[in-house]
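This report refers to the structure that appears directly beneath it.
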Amino acid sequence: MTTFTTRPTLAGTFGMAASTHWSATATAMSVLERGGNAVDAACAAGFVLQVVEPHLNGPGGDAPIIVSVRGERPRVLCGQGVAPAGASAEHYRGLGLDLVPGTGPLAAAVPGAVEAWLVLLRDHGSWPLRDVLDHAIGLAERGHPFLERASGTVASVRDLFTEHWPTSAQVWLPGGAVPAPGRLFTNPALAATWQRVLREAEAAGADREAQIEAALRTWKTGFVAEAMVRTAQTPAMDSSGEPHAGTMTADDLAAPQARWEDTVDERWGDWTVHKAGAWSQGPAFLQQLQLLNDVAPQDISDFDPDLMHRLVEGTKLALADRDAWFGDAAPVDVAALLDPGYARARAGLIGEKASGEWRPGQPYGREAQLPAHVRRLLSGDVVPVRGEGAGEPTVQDHAAPRVDRVGRTAGDTCHLDVVDRWGTMVSATPSGGWLQSNPVVPELGFPLGTRLQMTWLDEGLPNTLTPGRRPRTTLSPSMASLGGVPTMAFGTPGGDQQDQWSFHLFLRVAAGHARTGELDLQGGIDAPDWHTDALIGSFWPRAYVPRSVVLEANHGPGVAAALRARGHQVSVGPAWSEGRLSAVARDPETGMLYAGANPRGMQGYAAGR
C-alpha cells in the first residue's frame, strides 16, 4: 500500500535539484540540462536565492556547504566568515552591551557566502562565471514575484527603514510603499554590482579560473569591499536602541574566509553521516545518532511514543553539549564528544520521564563554563540586557512574518541540494545578510549580515566574541553515505531546529530503506514533525524552555497525550508548520537519482529527470 504524500519522490538518472524556492530549483535544473555539473548548478541556484529570498539570505551573509565530487569522500567548504579584528568582547562591553546587537554594523561578521560560492565554482565547477551569474542578474534586473513573507518582513521594519536606514528604504520601499506579495520586484543596484564584477573578471582574460580569481579580488579588495567598509563604519541604529558603527576594515575583507575542511562523521548501521565541525552545530546531529546505537534502522517508527520520548531526551542532551562546548575555540575536540564511552554515559541519563534539567556533559572530566546570562537563565531569573540578538529560529507559521520593528528576526534561512549524473552532490545552507539585518550598502544593493549575534561577550568561552574566530553558527547542511558511498544530501532552514528536523528526516529515510530498499525522500519530508526548545536559544531572547516539545497538529492527539504522560510540556502548533526540508539522493547500487522538497512554506520544490 502506498502512503499518501503531497507530491511524489522524484526519480530519474540525469540530475536532481531541490531547494526552498522554486526559482532556485528551476535554475539548478536548467544548468544541469545545459551540461553543467552539480557544482555549477548549486552555485547558480545559490546566487538566485540571494535575489528571490532576500529576507532569508544575501551576498553579505554566510554559506556552509558540503560537497562530494563524483562520489568521493564528502568535504566541507566553510563559508562562515570570522569576527573582524576590532570585534572583541571587551570593545562591545565598553559600549555598555551585554549581548551583541541582533541588527546593525556591530553584528556583522566578515561576509563568507559569495567567497564560498566562487571558491566552489573555481575548484569543482565547469561553467564560466558569466553563465553562472546570468540567472541571478536577470531576476534582479527584470524582476521576480515578491514573496508574501518577504513583503511581511519589509512591512515590519518599514519605520526602521524610513526613520534610520534610508539606503534600505531606497531598495525595499520602491515609491515609498511596501512591495505587495506577487508584485514584480527588481533590485537594479544588485544587478549592476554583479555586472561590474563580471566586467572586471573578464578583463583578466578568457581563462575560466582566472576570471573567478579576478572576481574574488574585486569582491575582497576592489569596489565591493570598499563600499562594504564605508557602510560598516558608518554609525547606524541597531536593536540596542542606539546607533553604533561596526569594526570591519579593508584588511578584514581581504583576508581569506572560505576554507576546505574534512567532515566530522558518525556511523549508524550501514550509514555514515557527514557534518561540519563544532563551529557549526553539526556534531550535535551525530551525538543524537550515537544515542541510538542500540536501535536498528528498521526499528525506527515515528509514532512509537517510547522511541519519541527517547529522541526528545537525546536531542536535549546533544544540544546541551552544543551550548556548553561548541565553538571556534572549543576547549575539547569533537572526538571527545563522539567517544563511544562518553555516548554510553550520556545515554544512561535518559530515564522514563522527561528531564527538566539542562545537562551538558563533562568530556575529559571538565566542567562547562557558562555565560552569566545562561547561569541566571537557568536559575529562573529574568535577564535584562542591552544589545539584543535576533535570528532565524524557525517557521512556526509560514504566512506570518516574525520580524519586529527594529529588525529583530525570528525568521528563517535557505537550503539547496543538487546531484548530477556523475555522482557529484552538493548540500548548502546559505543564510544571513537578510534585508532586515543591516542598512543596505547603497552602491551595491545588499546589506551586511548579523552572525556575530550568536557569540557571547563573556570571556573564556568556546564561543566568546573574538577577532578572527567564527561565530558558532546554527547553519548545518548534511550528507549521508550508504555502504561508504555518498548517497543523500539534505537539510533545512530553522536555526536551533535545523539538526532536529534534519535528524528526523534521516531516521525516516534510513528506516524506510532498511525495510523496503527504497529512498523515500518525500515521505520522510511530509511526515509530521516536532522540535524541542529545551536548549539555550542561539538568538535573542536566548531562552530556555525546560521539558518543551512542539508538535505539528498532523501528529494527532494520541502522540501529545503519550508524551505528556512522560512529563513533557507539549504544545501543538498548526499543521504543516515544522521545518522546510529538502533532499536529493543517489542509490549506490542502481545509480538512480531521487529528490523531494517541503510543502511547508508553500515555495520549496524539487525537479529532476
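Descriptive notes on the structure:
- Residue in segment 62-80 that is in contact with a Leu (Cβ under 7 Å, 6 or more places away or on another chain), assigned by TED's automatic domain parsing to the domain that holds ASP251 and closer than 24 Å to HIS164 by Cβ present: no
- Criterion violated by VAL572 - all others in (1) at positive phi; (2) surrounded by fewer than 19 Cβ atoms within 10 Å (Cβ to Cβ) satisfied: (1)
- Listed by position, the helices (runs of 4 or more DSSP H) inside segment 87-151 whose residues that are under 18 Å from VAL441 (Cβ atoms) and either hydrophobic (A, V, I, L, M, F, W, C) or not assigned by TED's automatic domain parsing to the domain that holds HIS373 (or both) number at least 2 are 113-124, 129-142.
- Neighbours by Cβ (under 6 Å, 6+ apart or cross-chain): first from segment 151-175, among the acidic types (Asp, Glu); second surrounded by fewer than 20 Cβ atoms within 10 Å (Cβ to Cβ): ASP159/ARG405
- Filtered residues of segment 163-186 (kept if polar (S, T, N, Q), touching a strand residue (DSSP E or B) at 6+ places or on another chain (Cβ under 7 Å) and in a loop (DSSP other than H, G, I, E, B)): none
- Per-region count, segment 59-105, residues on the phi > 0 side of the Ramachandran plot and crowded, with 24+ Cβ neighbours inside 10 Å: 1
- Hits in segment 280-304 (condition: aromatic (Phe, Trp, Tyr) and surrounded by 18 or more Cβ atoms within 10 Å (Cβ to Cβ)): PHE285
- Number of the condition not met by VAL374 [criteria: (1) in a helix (DSSP H, G or I); (2) aliphatic (A, V, I, L, M); (3) modelled with pLDDT of 95 or more]: (3)
- Any hit, segment 577-594, residues being farther than 27 Å from PRO74 by Cβ and of a type in the set (Val, Ile, Thr): no
- Considering segment 586-607, and only residues there that are touching a strand residue (DSSP E or B) at 6+ places or on another chain (Cβ under 9 Å) and hydrophobic (A, V, I, L, M, F, W, C), the residue that is farthest from GLU33 (Cα to Cα) turns out to be ALA597.
- Listing of helices (runs of 4 or more DSSP H) fully contained in segment 247-354 that carry 1 or more residues being under 20 Å from the mean Cα position of the chain (by Cα) and outside the structural domain of HIS91 (by TED's automatic domain parsing): 282-290, 305-325
- Residue within segment 37-48 that is farther than 29 Å from ALA480 by Cα and at pLDDT 95 or above present: no
Okay, residues lined up against (1) surrounded by fewer than 22 Cβ atoms within 10 Å (Cβ to Cβ); (2) touching a Pro at 6+ places or on another chain (Cβ under 8 Å); (3) of a type in the set (A, V, I, L, M):
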site: ASP499; (1), (2), (3): no, no, no
site: GLY512; (1), (2), (3): yes, no, no
site: THR516; (1), (2), (3): yes, no, no
site: HIS531; (1), (2), (3): no, no, no
site: PHE539; (1), (2), (3): no, yes, no
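- Any hit, segment 549-565, residues being surrounded by 24 or more Cβ atoms within 10 Å (Cβ to Cβ) and of a type in the set (A, V, I, L, M, F, W, C): yes
- Output for segment 1-44, where each listed residue is in contact with a His (Cβ under 8 Å, 6 or more places away or on another chain) and either assigned to a loop (DSSP other than H, G, I, E, B) or closer than 24 Å to ARG149 by Cα (or both): SER19, THR20, SER23, THR27, ASN37, ALA44
- Among the residues of segment 590-609, those identified as within 20 Å of PRO493 (Cα to Cα) and either part of a loop (DSSP other than H, G, I, E, B) or in contact with an Asp or Glu (Cβ under 6 Å, 6 or more places away or on another chain) (or both) are ASN598, PRO599, ARG600, GLY601, MET602, GLN603, GLY604.
- Restricting segment 575-594 to residues that are aliphatic (A, V, I, L, M) and either more than 20 Å from THR413 (Cα to Cα) or free of Cβ contacts under 8 Å to residues at least 60 places away in the same chain (or both), the residue that is surrounded by the fewest Cβ atoms within 10 Å (Cβ to Cβ): ALA575
The values are calculated or read from the model by the stated rules, or taken from the named source; none is laboratory data. A quick note: this is a predicted structure, and the numbers were derived from the prediction, not measured. When we count neighbours, we look across all protein chains shown, and the Cβ atoms used for this are built from the backbone with ideal geometry, even at glycine.
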